[in-house]
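Working notes, beginning with the structure itself.
The values are calculated or read from the model by the stated rules, or taken from the named source; none is laboratory data. As the structure is a prediction and not an experimental result, all values here were calculated from the model. When we count neighbours, we look across all protein chains shown, and the Cβ atoms used for this are built from the backbone with ideal geometry, even at glycine. Heavy atoms of the whole protein, side chains included, go into the accessibility calculation; ligands, DNA and RNA do not. Shrake-Rupley method; radii C 1.70, N 1.55, O 1.52, S 1.80 Å.
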Amino acid sequence: MSQLFLIAIRNLIQHRKRSLMLGGAIAGVTMLLIFLTSLSSGVRKAMFEAATTIQTGHINVAGFYKVTAGRSAPIVTDYKKVMEVIKKSLPDVEYIVPRGRGWARVVSDTSSLQAGLAGIDINQEPYFKNVLHLESGDFNALSEPHTVLIFEAQAKRLNVKVGDVIVISALMPNGTNNTIDLRVVAIAQDVGIFSNFSVFMPHQSVNDLYQINSNNMGALYVYIKNIKQLPKDMDILRKSLTEAGYTMMDSDPRVFWIKFDSVNREDWTGQKIDLTTWEDEISFIKWTITAIDGITYILTSILLIIIVIGIMNSMWIAINERTREIGTLRAIGMQRRRVMSMFVIEAFTLSALATLTGAVWGLLLAGIVHALHIHIPTGAQMFLMSNTLKFSFDFFRVINGMFVIIGATTLISLIPSLRAARLKPITAMQHNG
Amino acid sequence: MENVVSLEQVNKNYILGKTTVNALRNVSLVVAKGDFISIAGPSGSGKTTLLNLIGCVDIATSGHVIINDQDTHDLSDRQLTELRLNTIGFIFQSFNLVSVLSVFQNVEFPLLLQGKISVEERKTRVMDLLKKVGIENHSKHRPNELSGGQRQRVAIARALVTRPKIILADEPTANLDSKTGETIIDLMKEMNEQEKTTFIFSTHDARVMAHANTIINIADGQIVGNQMADKNKSSVKTSAKSKKTDKTKSKSSVKLQGKTK
Ligand SMILES: Nc1ncnc2c1ncn2[C@@H]1O[C@H](COP(=O)(O)OP(=O)(O)O)[C@@H](O)[C@H]1O
Ligand SMILES: [Mg+2]
């Protein structure tokens, strides 16, 4: 009965102050929820971008080679064959990037730090140049031998600039240290925690350092066209690599450098292939998103409880004020169910309008803060994966949040509405006001 | 003659703390279709209680209240609501219009509850009625933009819109000045004649009750007598709008079966 909507809206307008206060509160909570949700989505997106540029492919085909049971190297031997298997069996592949991997000490004249070494071919990295922003230097210089790209914070700690030479010193399985000299050719802006632990150099430099031949590769970063296909693609790869004769490691959602210990303790030699997803490789940092989401949910839950109490309260008042009207409508033949709908519709209308408004505010606020490029303190940058506050619009999560708020407020309105429906029609006659 | 209302040995008690108020005592009466009845009596005599029982908004403590051949004792809340919607129209002392709806929407509302007729039909029926009660020019106004008399006209139209068999009006003129009150009663009378709707209204105003075909006198919860209002009427009628009455008078057919002291 559309008239019930009309009555609801007109009553809301009639009690403008009450509606605005309550609606404002609902809108405020929605705004906060949407704002924080967008932040969480933003961090998630930044994390995904940074991680899949620096740290991992969508799927990583890596593994360990063991000469003896206790000595492992994080490499895939004869990697081009593996690449062929991947290309042949997985139609979803967009491209495959071979990455050298290592873990070493980076030493300058004044200081030193630990970093993951990434061997790359700058000309075969489609998005590398788009995602990283250079402070100084030149990406293309990385195609020259014995060069290195480091990040801003590293450069500061090492006190080096473009053109300076740093020493990479890696501890070999036999206990000796291998070193190579590399020339800093580019300094990139930090992108969260990944940039603190990564330096990029040509493949040849990694091979030189570890004295391995160029048939070996740290990992193959597989980028796929449809990220939603990832679990399926993982299955396909696991199957086809097994069929191609490779021994697969059990799936283990941890970053490769944590796996050394357990791999060294295992009793096998030769090559094993380890399949991981991008999420596995950054599992150690995912608590950031969990924390933002946790704060969001706790905060909105508390505020939602307050709002729910507010709705109940305001509806008790409204029902009290409108006792005579309810009695009249019951007397002239309105069924209880309709009386109940009348009040539920009123609560729903207020809540829906307020939530919609709040969502628009929340998205606007997120958009504005995003556009202001507000600088994040260095400490927080590590975990927010970006040097400015970044927000991202996630349609599904926005709709979801709105549904929760509208749902909770409408549901709670059932209680006072039920009481309104139980009012006796005789009250119409008894109230003489 | 068809009876639309019949009460048999009806008692209504209210429990107030430790005492019981006997608001109605052994009331029996029969109302025929098309009658125009006034329930008269001083304040506290039980007029409202009686109308509430007839209007199916309250249940008798004992006895039978039969409306449109249905004993209200046997009906669920749902069925009673249906009965009120389809068989009874209400006119209240303080008008009781829905303040956020326009005059038109207020009158249309019972039709929407019924959900039986189309938009166009609703529109013509409501506008016709508004015309009949002389308020068609205010159809878009809200109730609070109208005078008391105008509001009661809207209420009358709302009560009539579903073409009920019975219209109940509890002191419909109590909140109006006496002149407006009389025009409202005249209007009710006119509708009674045109639509053949049974009207039962209460009042303690002698001038108002004089318009009725039949007056049921009630005191202390008991019916104490009735008058076929012919004599009073002619004397009072001259001051009112002067119309009709001759044929309706003969219709008066309230039979009183209550104990009279
Ligand atoms: N809800 C109630 N509770 C207790 N007593 C009531 C209630 N309603 C009416 N009464 C009593 O019943 C008697 C009849 O009341 P009512 O029908 O309202 O009379 P009238 O309408 O003629 O003024 C009065 O004594 C009144 O006090
Ligand atoms: Mg009364």
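A quick yes/no check of all residues on (1) within 16 Å of ligand 1 (Cβ to nearest atom); (2) not in a helix (DSSP H, G or I):
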site: B:MET188; (1), (2): no, no
site: B:ARG207; (1), (2): no, no
site: B:HIS211; (1), (2): no, yes
site: B:ILE223; (1), (2): yes, yes
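In this structure, does B:SER38 turn out to be touching a residue at least 60 places away in the same chain (Cβ under 8 Å), polar (S, T, N, Q), within 16 Å of ligand 2 (Cβ to nearest atom) and more than 14 Å from chain A (Cβ to nearest Cβ)?
Values: touching a residue at least 60 places away in the same chain (Cβ under 8 Å): yes; polar (S, T, N, Q): yes; within 16 Å of ligand 2 (Cβ to nearest atom): yes; more than 14 Å from chain A (Cβ to nearest Cβ): yes.
It is true that B:SER38 is touching a residue at least 60 places away in the same chain (Cβ under 8 Å), polar (S, T, N, Q), within 16 Å of ligand 2 (Cβ to nearest atom) and more than 14 Å from chain A (Cβ to nearest Cβ).
Looking at this structure, is B:ARG78 within 19 Å of A:LEU423 (Cβ to Cβ), open to solvent by 10 Å² or more (accessible area, probe 1.4 Å) and either at the interface with chain A (Cβ under 8 Å from one of its Cβ atoms) or in contact with a strand residue (DSSP E or B) (Cβ under 6 Å, 6 or more places away or on another chain) (or both)? Write out each step before concluding.
Numbers: within 19 Å of A:LEU423 (Cβ to Cβ): yes; open to solvent by 10 Å² or more (accessible area, probe 1.4 Å): yes; either at the interface with chain A (Cβ under 8 Å from one of its Cβ atoms) or in contact with a strand residue (DSSP E or B) (Cβ under 6 Å, 6 or more places away or on another chain) (or both): yes.
So B:ARG78 passes the test.
Would you pick out the residues in segment A:149-194 that are in a helix (DSSP H, G or I) and over 24 Å from A:ILE75 (Cβ atoms)?
A:GLU152, A:ALA153, A:GLN154, A:ALA155, A:LYS156, A:ARG157, A:LEU158, A:GLY192, A:ILE193
Restricting to segment A:8-39, what's the tally of residues that are β-branched (Val, Ile, Thr) and surrounded by fewer than 21 Cβ atoms within 10 Å (Cβ to Cβ)?
We begin by selecting, within segment A:8-39, every residue β-branched (Val, Ile, Thr); these are A:9, A:13, A:26, A:29-30, A:34, A:37.
Then keep just the ones that are surrounded by fewer than 21 Cβ atoms within 10 Å (Cβ to Cβ); that gives A:9, A:13.
So the count comes out to 2.
Is one or more of the residues making up segment B:150-169 within 16 Å of ligand 2 (Cβ to nearest atom), within 16 Å of B:ILE37 (Cβ to Cβ) and assigned to a helix (DSSP H, G or I)?
no
Would you be able to say whether some residue in segment A:21-38 is within 14 Å of chain B (Cβ to nearest Cβ) and modelled with pLDDT of 90 or more?
There is no residue in segment A:21-38 that is within 14 Å of chain B (Cβ to nearest Cβ) and modelled with pLDDT of 90 or more.
Are there any pairs, at least 6 apart or on different chains, whose C-beta atoms fall under 9 Å, with the first in segment B:187-207 and in contact (Cβ under 8 Å) with a residue 12 or more places away in the chain and the second acidic (Asp, Glu) and away from ligand 2 (no atom under 16 Å from the Cβ), and if so, which?
Close Cβ pairs (under 9 Å, with a partner that is acidic (Asp, Glu) and away from ligand 2 (no atom under 16 Å from the Cβ)) amount to B:ASN192/B:ASP35; B:THR198/B:ASP35; B:PHE199/B:ASP35; B:ILE200/B:ASP35; B:ARG207/B:GLU182.
Output yes when any residue across segment B:118-139 is crowded, with 19+ Cβ neighbours inside 10 Å, touching a residue at least 24 places away in the same chain (Cβ under 8 Å) and closer than 27 Å to B:LYS47 by Cα, and no when none is.
yes
How many residues, within segment A:336-364, are open to solvent by 20 Å² or more (accessible area, probe 1.4 Å) and within 14 Å of another protein chain (Cβ to nearest Cβ)?
Selection size over segment A:336-364: 7.
Condition test on B:ARG84, is it open to solvent by less than 10 Å² (accessible area, probe 1.4 Å) and within 14 Å of chain A (Cβ to nearest Cβ)?
Against the criterion (open to solvent by less than 10 Å² (accessible area, probe 1.4 Å) and within 14 Å of chain A (Cβ to nearest Cβ)), B:ARG84 qualifies.
On the basis of being open to solvent by 70 Å² or more (accessible area, probe 1.4 Å), touching a residue at least 60 places away in the same chain (Cβ under 8 Å) and more than 16 Å from ligand 1 (Cβ to nearest atom), does A:ARG397 make the cut? Step through it out loud before you land on a result.
On the way: open to solvent by 70 Å² or more (accessible area, probe 1.4 Å): no; touching a residue at least 60 places away in the same chain (Cβ under 8 Å): yes; more than 16 Å from ligand 1 (Cβ to nearest atom): yes.
Judged against the criteria, A:ARG397 is not a match.
Which residues, taken from segment A:180-199, are small (Gly, Ala, Ser), under 14 Å from A:LYS161 (Cβ atoms) and crowded, with 24+ Cβ neighbours inside 10 Å?
At the first step, the residues of segment A:180-199 found to be small (Gly, Ala, Ser) are A:186, A:188, A:192, A:195, A:198.
Pick out the ones that are also under 14 Å from A:LYS161 (Cβ atoms) and you get A:186, A:188.
A:ALA188 - this is the single residue of segment A:180-199 that is small (Gly, Ala, Ser), under 14 Å from A:LYS161 (Cβ atoms) and crowded, with 24+ Cβ neighbours inside 10 Å.
Counting just the residues of segment A:365-394 that are open to solvent by less than 70 Å² (accessible area, probe 1.4 Å) and among the aromatic types (Phe, Trp, Tyr), which one comes out farthest from A:SER283 (Cα to Cα)?
Only one residue tops the list, namely A:PHE391.
All but one of (1) within 10 Å of chain A (Cβ to nearest Cβ); (2) without any contact (Cβ under 8 Å) to a residue 60 or more places away in the chain; (3) open to solvent by 10 Å² or more (accessible area, probe 1.4 Å) hold for B:SER94; which doesn't?
Against the list (1) within 10 Å of chain A (Cβ to nearest Cβ); (2) without any contact (Cβ under 8 Å) to a residue 60 or more places away in the chain; (3) open to solvent by 10 Å² or more (accessible area, probe 1.4 Å), B:SER94 comes up short only on (2).
So, of the residues in segment A:153-176 that are at pLDDT below 90 and not hydrophobic (A, V, I, L, M, F, W, C), which turns out to be least open to solvent (accessible area, probe 1.4 Å)?
If we take residues in segment A:153-176 being at pLDDT below 90 and not hydrophobic (A, V, I, L, M, F, W, C), then A:GLY175 is least open to solvent (accessible area, probe 1.4 Å).
Cβ-Cβ below 9 Å, separation at least six or inter-chain, first residue in segment B:154-174 and basic (Lys, Arg), second within 16 Å of ligand 2 (Cβ to nearest atom): which pairs?
Taking only residues 6 or more apart or on different chains, the pairs are B:ARG158/B:PHE90; B:ARG158/B:ILE91.
How many residues are among the aliphatic types (A, V, I, L, M), assigned to a loop (DSSP other than H, G, I, E, B) and crowded, with 16+ Cβ neighbours inside 10 Å if we restrict to segment B:1-59?
Matching residues across segment B:1-59 total 1.
Name the one entry in A:ILE9, A:ILE13 that is among the β-branched types (Val, Ile, Thr), without any contact (Cβ under 8 Å) to a residue 60 or more places away in the chain, within 14 Å of chain B (Cβ to nearest Cβ) and farther than 23 Å from A:ARG254 by Cα.
Testing whether each residue is among the β-branched types (Val, Ile, Thr), without any contact (Cβ under 8 Å) to a residue 60 or more places away in the chain, within 14 Å of chain B (Cβ to nearest Cβ) and farther than 23 Å from A:ARG254 by Cα leaves just A:ILE13.
Among the residues of segment B:131-155, how many are hydrophobic (A, V, I, L, M, F, W, C) and at pLDDT 95 or above?
3
Could you check segment B:45-64 and list, in sequence order, the residues that are away from chain A (no Cβ under 14 Å) and within 16 Å of ligand 2 (Cβ to nearest atom)?
B:SER45 - this is the single residue of segment B:45-64 that is away from chain A (no Cβ under 14 Å) and within 16 Å of ligand 2 (Cβ to nearest atom).
Return a yes/no flag: does segment A:49-68 have any residue that is under 30 Å from A:LEU389 (Cα atoms), more than 14 Å from chain B (Cβ to nearest Cβ) and among the aromatic types (Phe, Trp, Tyr). Steps first, answer last, please.
As a first pass, look at segment A:49-68 and keep what is under 30 Å from A:LEU389 (Cα atoms): A:49-60.
Next, from what is left, pick out any that are more than 14 Å from chain B (Cβ to nearest Cβ): A:49-60.
If we keep only those that are among the aromatic types (Phe, Trp, Tyr) too, we end up with none.
Within segment A:49-68, not a single residue is under 30 Å from A:LEU389 (Cα atoms), more than 14 Å from chain B (Cβ to nearest Cβ) and among the aromatic types (Phe, Trp, Tyr).
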